[in-house]
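Reviewing the structure listed below.
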Amino acid sequence: MEKILVIGPASQLLGIRIRRELGIKSVNTETKIFPDGENYLRINIDDENLIKNKEVIILQSMGPSSRVNQNARFLELLMMIDSVKVMGAYKISVIVPYLAYARQDKIFRVGECTFAKNILKVINSLGIDEFLTVDIHNPDVLEELSCKAINIDSMSILAEYIQSRGAKDIVVVSPDKGAIERSKAFAHHFGEKVPVDYFDKIRDLKTGEITMKGQLSLKNRDVVIADDIIATGGTMAQAIKLAKESGANKIFAVATHALMLQQATYRILDAGADEIIGTDSIDNEMAKVSLVKVITDYLKNN
Ligand code: R5P
């Protein structure tokens, strides 16, 4: 059955790369914001037969941009799904490389909700066949989906890029004890014996402020600090500062979803990073590694 890719406004770069790699047709969307603030989206086609009875792949990341925030990205995604349903899509696969709200995966304080789960419940309620995301903050939340759900791992391609930058005597450092398992898995991509360590990060649940502690043996080692998300850069900057104090040589600040909000770039480079590396999950200047291979490998084989 013919496949067609619907490229959402938040994923134009990755979308074109996926279309080229798969050799399939794609369509984009038309968006605007009405004077009252409501979002509008239409799939940019004149003939609904392009969608009718086709296997439709929808691609829309949910990172905020200078134009719209993640709430708008979410609404745009829902509109894309609903539009292709109305036009009679046969199968709907939804790819959301960066899932906004993924960090609200637990109740940290009384009165909160686990909104990551609700975001997925809403997407699921529209009746999709398959959901793909990349390095989601907590894969457990995917259990909310009744359709097939896949969390694609981008570690191999990130590691390949870092090696191409000439990193030597690598130590992988997790900026948070909670992410140590992920860092261990990441370290395997650099070799069997690559050491992994972590700093202790404590977040004040009321103010959101973080403090980090730790002294590691990093003398003359190239350090890869890996996280799923760089938002304001506060976590990464503190880890870099401690890594420098621990004697690190080069420091690579790596995140699958480098949102780079506020002064994140300044903070991270000012703290002493040699390079900031992100993927095209987010269309920005840190998107040095493309997710095209890991996503299309999955799509070609399923
Ligand atoms: C939190 O648990 C995440 O894994 C990241 O460490 C965090 O979201 C980064 O946020 P920021 O860049 O604002 O410190």
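Can you find a residue that is surrounded by fewer than 22 Cβ atoms within 10 Å (Cβ to Cβ) and under 25 Å from SER61 (Cβ atoms) anywhere in the stretch 213-226?
For the stretch 213-226, residues surrounded by fewer than 22 Cβ atoms within 10 Å (Cβ to Cβ) and under 25 Å from SER61 (Cβ atoms): absent.
Considering only residues that are in contact with a Pro (Cβ under 7 Å, 6 or more places away or on another chain) and either under 15 Å from ILE162 (Cβ atoms) or open to solvent by less than 10 Å² (accessible area, probe 1.4 Å) (or both), look in the stretch 228-259 and name the one that is farthest from the ligand (Cβ to nearest atom).
Only one residue fits best here, namely ALA239.
Report the residue count in the stretch 147-185 for those that are of a type in the set (A, V, I, L, M, F, W, C), within 16 Å of the ligand (Cβ to nearest atom), crowded, with 16+ Cβ neighbours inside 10 Å and more than 13 Å from VAL289 (Cβ to Cβ).
So the count comes out to 3.
Is at least one residue of the stretch 116-128 in a loop (DSSP other than H, G, I, E, B), touching a Phe, Trp or Tyr at 6+ places or on another chain (Cβ under 9 Å) and either modelled with pLDDT under 95 or not hydroxyl-bearing (Ser, Thr, Tyr) (or both)?
No; the residues of the stretch 116-128 include none that is in a loop (DSSP other than H, G, I, E, B), touching a Phe, Trp or Tyr at 6+ places or on another chain (Cβ under 9 Å) and either modelled with pLDDT under 95 or not hydroxyl-bearing (Ser, Thr, Tyr) (or both).
So, restricting to strands (runs of 3 or more DSSP E) that lie completely within the stretch 1-88, which ones have at least 2 residues that are open to solvent by 70 Å² or more (accessible area, probe 1.4 Å)?
Qualifying strands (runs of 3 or more DSSP E): 29-33.
Yes or no, residue by residue, for (1) of a type in the set (A, V, I, L, M); (2) within 24 Å of ASP228 (Cα to Cα); (3) touching a strand residue (DSSP E or B) at 6+ places or on another chain (Cβ under 9 Å):
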site: ILE45; (1), (2), (3): yes, no, yes
site: ASN69; (1), (2), (3): no, yes, no
site: MET80; (1), (2), (3): yes, no, yes
site: VAL94; (1), (2), (3): yes, yes, yes
site: LEU99; (1), (2), (3): yes, yes, yes
site: LYS106; (1), (2), (3): no, yes, no
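Just checking, does the stretch 260-268 include any residue being of a type in the set (Ser, Thr, Tyr) and touching a Phe, Trp or Tyr at 6+ places or on another chain (Cβ under 9 Å)?
No, the conditions are met nowhere in the stretch 260-268.
Looking at the stretch 167-180, is at least one residue of a type in the set (Asp, Glu) and either at pLDDT 95 or above or farther than 25 Å from ALA287 by Cα (or both)?
Yes, because at least one residue in the stretch 167-180 is of a type in the set (Asp, Glu) and either at pLDDT 95 or above or farther than 25 Å from ALA287 by Cα (or both).
Please indicate, with yes or no, whether at least one residue in the stretch 187-195 is under 28 Å from SER156 (Cβ atoms), of a type outside the set (D, E, K, R) and within 16 Å of the ligand (Cβ to nearest atom).
No, because not a single residue in the stretch 187-195 is under 28 Å from SER156 (Cβ atoms), of a type outside the set (D, E, K, R) and within 16 Å of the ligand (Cβ to nearest atom).
The values are calculated or read from the model by the stated rules, or taken from the named source; none is laboratory data. Because the structure is a prediction, the values reported are computed rather than measured. Ideal geometry is used to build each Cβ from the backbone, glycine not excepted, and the neighbour counts take in all protein chains shown. Calculation scope for accessible area: heavy atoms of the full protein, side chains included, ligands and nucleic acids excluded. Shrake-Rupley method; radii C 1.70, N 1.55, O 1.52, S 1.80 Å.
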